[in-house]
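Values in this text are rule-based calculations from the coordinates and carry no lab data. All values reported here derive from a predicted model rather than from experimental measurement. So basically every Cβ, Gly included, is an ideal-geometry build from the backbone, and we count neighbours across all protein chains shown.
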Amino acid sequence: MGRLDGKRALITGASSGIGREVANRFAREGARVAVGGRDPERTQRTVDEVGSAAVAALGDLSEPASAQAVVDAASAALGGLDCVINNAGVDVSVWVPVHEWDVAAFDEILRINLRGPFLVAKYAIPHLLAAGGGSIVHMSSVCAITVWSGDCGYDVSKAGLNMLSDHIAVEYGPRGIRSNTLMPGVIETELHRSVMDSMEGGAEMEAELLTKHPIGRFGRVDEIADACVFLCADEARFMTGANISIDGAYSRV
């Protein structure tokens, strides 16, 4: 018996990194999963990796019609929804002070990191209500509660995501929907590795980032997946409205 036996989960941003690991882990725990992504080839690779418990759910989640189509298609393919992992997001990494941020760049990161999760939640909530309740996990960041100087747009988008989660927890708790955020520190993913390796001064930046994690290392995708499983499993049935640091004590330095 898996901890998520019988659960039906939509996992956005699941074509790589954290989302891909969550999709695989949920399937191993007995869930059926809809693998959300925008790139058909990369998304299908995750579906193939997960196996028969997975279906693809393709679309741009920052546009209302597309987001609704993705959510509705996932629910139809799985026979309903019990869990949503609101994981899709980006960091444009502009690295300039607030007054130098380009307005278009700021709008773009909020469109993907805040508007997108809002739309997914908006269209998923009726399906969760139809199932008698469920769990939404929003992938926030330690940057929601700390300042990473020069990355204003990303930090603001994740702080807004925390508040979105809190609203869902308060408004839908009486109807059986739980909503929580995870706030990771730096996680070792292919994206993190490629950014650090390609950036001028990347090695120095990575060394500085490491000093901000008192545990002495960066996080792993399987550790984030562990937390997602817990928040969607029955043992977390009294946990809602929580913004959970999973950051090696980054936020406490």
Item checked: Net charge contributed by nearby residues that have their C-beta within less than 13 Å of Ala34 (K/R +1, D/E -1) -> +1
Note to self: Using a Cα-Cα cut-off of under 19 Å, which lysines could be cross-linked to Lys122, ignoring same-chain neighbours fewer than 8 residues away?
What the structure shows: Lys158
Margin query: Tell me which cysteines of the chain come out unpaired when the rule is another cysteine's Cβ under 4.7 Å.
Written below: Cys143, Cys152, Cys228
Notebook entry, point to check: Per-residue HN-Hα couplings for segment 55-61, Karplus 6.51 cos²θ - 1.76 cosθ + 1.60 at θ = phi - 60°, whole Hz, x for Gly and Pro?
Noted result: 10, 8, 9, 9, x, 8, 6
Next item on the list: Could you pull out the GluC sites (Glu not before Pro) across segment 3-89 that fall in loop regions by DSSP (anything but H, G, I, E, B) with no more than 11 other Cβ atoms inside 10 Å?
Entry: none
Check: How big is the Cα convex hull of segment 34-128 in projection, averaged over all directions, in nm²?
Finding: 6.9
Checklist line | Local net charge near Ser157, Cβ-Cβ under 12 Å (Lys/Arg +1, Asp/Glu -1) | finding: -2
Item checked: Euclidean distance of C-alpha centroids, segment 155-189 and segment 14-41, integer Å -> 19
Notebook entry, point to check: Charges only on Cβ, +1 for Lys and Arg, -1 for Asp and Glu: so what's the dipole of segment 161-213 about the Cα centre, in debye to the nearest 20?
Noted result: 480
Checklist line | Residues whose placed amide H lies under 5 Å from that of Ala54, excluding near-sequence neighbours | finding: Val33
Check: Using a simple spin-label model with points 7 Å from Cα along the Cα→Cβ vector, what separation in nm is obtained for Val96 and Met205?
Finding: 1.5
Check: Among Ile215, Ile112, Ile11, Ile85, which comes first, then next, by fewest other beta-carbon atoms within 10 Å?
Finding: Ile215, Ile112, Ile85, Ile11
Next item on the list: List every residue whose amide H lies under 5 Å from the amide H of Ile136, counting only residues 5 or more places away in sequence or on a different chain, with H placed 1.01 Å from N in the peptide plane.
Entry: Val84, Arg178, Ser179, Asn180
Margin query: What is the distance in Å between the Cα centroid of segment 231-249 and that of segment 85-120?
Written below: 24
Checklist line | q = 0.15, 0.18, 0.34 Å⁻¹, segment 111-151: log10 I(q)/I(0) [Debye, one scatterer per Cα] | finding: -0.50, -0.64, -1.12
Margin query: For segment 73-151, compute the orientation-averaged projected area of the C-alpha convex hull (one quarter of its surface), in nm².
Written below: 6.1
Next item on the list: Report, by chain and number, residues whose modeled amide H sits under 5 Å from the one on Asp247, excluding near sequence neighbours (fewer than 5 apart, same chain).
Entry: Gly185
